[in-house]
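Colleague: If you scroll down you'll find the structure; I have some questions about it.
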Amino acid sequence: MTTLELLGVSKVYRGGKQAVDGLTLRMGPGLLGLLGPNGAGKSSLMRIAATLTRPTAGQLRYDGEDAVRRPGPLRAALGYLPQDFGVYPNLTAREFLAYLAAAKGVPAGRARTRIGELLELLNLTEAARRPLGAYSGGMLRRVGIAQALLADPKVIIVDEPTAGLDPEERARLRNLLAELAMERVVLLSTHIVSDIESVAGDIAVVAGGRLLRRGTPEELLAAVAGQVWEVLVGTQEVAEVQARHIVSRMVRTPEGVRVRLLSPFRPYEGAVQRMPDLEDAYLATVGAGGVR
């Protein structure tokens, strides 16, 4: 069984900025959703897991072996999509993927077949012979996903993979990653709850470079059971509500503003208790202020 472990990992950059602080994650086959706000240390952690950045302290282990000292086996098994993915704008998608397949050591015949499969899977076949410089941001993101899957990797690490994708493409990608995770280690980093709520059976919430909570969606929801309320307030009261509570969403109505908030007790007369969703659980964990 393929395993990937980050054990007590820390990363301190020049100037003393600590991006990751003693974080431990153990992963086997399946999809782990890494959820946290921007600046939480997710990308630094992903780069460490992909052997692109050495940790200041701690261990990275692939199938029980030290992947910091010997990164080769993990790199050979890895498909990685960084948050910022660059391309050669004068190449077509097919040419670019063929170039990367050769760099990854995929045999030419297999590469041609695999590239065709991925272009079809990611709805890029019709645009495959156009230069990448003419692609939209969402199309380039799909090319990035394709390159991560070229060599049929055992470990897939994707950082904010749905950035720039339309709703249909986002759903297609989520389903693809869930299918791949049946036999592979998949680590998906995002700050968007909807990216993982329907596909991740295992969620790690991080902030400030630390692991705040890890569990199944059901376990995260149980942690905020009985703490989610909905109340109708006047427009002039919104600022006070936001100052006193974590607000997950607001909807303006003809009668006022309908506010969904977190509180361990009934916050206002007339407040109605609601079933929690994953966004409620996430905001409660990171202590974010919700809608502003």
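Colleague: Checking Phe265 against (1) surrounded by fewer than 17 Cβ atoms within 10 Å (Cβ to Cβ); (2) within 17 Å of the chain's Cα centre (by Cα): exactly one of these is not met. Which one?
Modeller: Here Phe265 clears every test but (2).
Colleague: In addition: Checking the conditions here, which among Thr56, Thr51, Thr92 is closer than 23 Å to Lys154 by Cα and among the polar types (S, T, N, Q)?
Modeller: Thr51
Colleague: Looking at segment 177-292, what strands (runs of 3 or more DSSP E) fall wholly within it and have at least 3 residues that are more than 30 Å from Val20 (Cα to Cα) and at pLDDT 95 or above?
Modeller: Strands (runs of 3 or more DSSP E) meeting the threshold: 228-233, 246-253, 256-262.
Colleague: Right, something else. Hey, does segment 62-72 have a residue that's assigned to a loop (DSSP other than H, G, I, E, B), modelled with pLDDT of 95 or more, in the same structural domain as Val155 (by TED's automatic domain parsing) and touching a strand residue (DSSP E or B) at 6+ places or on another chain (Cβ under 7 Å)?
Modeller: yes
Colleague: Residues being touching a Lys or Arg at 6+ places or on another chain (Cβ under 9 Å) and in a helix (DSSP H, G or I): count how many of those fall in segment 119-133.
Modeller: The number of residues fulfilling the criteria is 2.
Colleague: Considering only segment 77-86, state which residues are more than 13 Å from Met46 (Cβ to Cβ) and at pLDDT 95 or above.
Modeller: Scanning segment 77-86 gives a single hit, Ala77.
Colleague: Let me ask something else about it. Which one is surrounded by the most Cβ atoms within 10 Å (Cβ to Cβ) among residues in segment 38-61 that are within 14 Å of Tyr13 (Cα to Cα) and of a type in the set (Lys, Arg)?
Modeller: Only one residue tops the list, namely Arg47.
Each row is one residue, and each column tells you yes or no for (1) among the aromatic types (Phe, Trp, Tyr); (2) without any contact (Cβ under 8 Å) to a residue 12 or more places away in the chain; (3) touching a Lys or Arg at 6+ places or on another chain (Cβ under 8 Å); (4) under 28 Å from Asp195 (Cα atoms).
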| residue | (1), (2), (3), (4) |
| --- | --- |
| Arg70 | no, yes, no, no |
| Gln83 | no, no, no, yes |
| Glu95 | no, yes, no, no |
| Gly116 | no, yes, no, yes |
| Tyr135 | yes, no, no, yes |
| Leu140 | no, no, no, yes |
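Colleague: Further question: Tell me which of these Val158 doesn't satisfy, since it passes every other one: (1) β-branched (Val, Ile, Thr); (2) surrounded by fewer than 18 Cβ atoms within 10 Å (Cβ to Cβ); (3) closer than 30 Å to Glu5 by Cα.
Modeller: Condition not satisfied by Val158: (2).
Colleague: Against the condition assigned by TED's automatic domain parsing to the domain that holds Gly116 and without any contact (Cβ under 8 Å) to a residue 60 or more places away in the chain, how does Glu237 come out, does it pass?
Modeller: no
The values are calculated or read from the model by the stated rules, or taken from the named source; none is laboratory data. Note that this is a predicted model, so its numbers are computed, not measured. Positions of Cβ are backbone-derived with ideal geometry, glycine not excepted, and every protein chain shown enters the neighbour counts.
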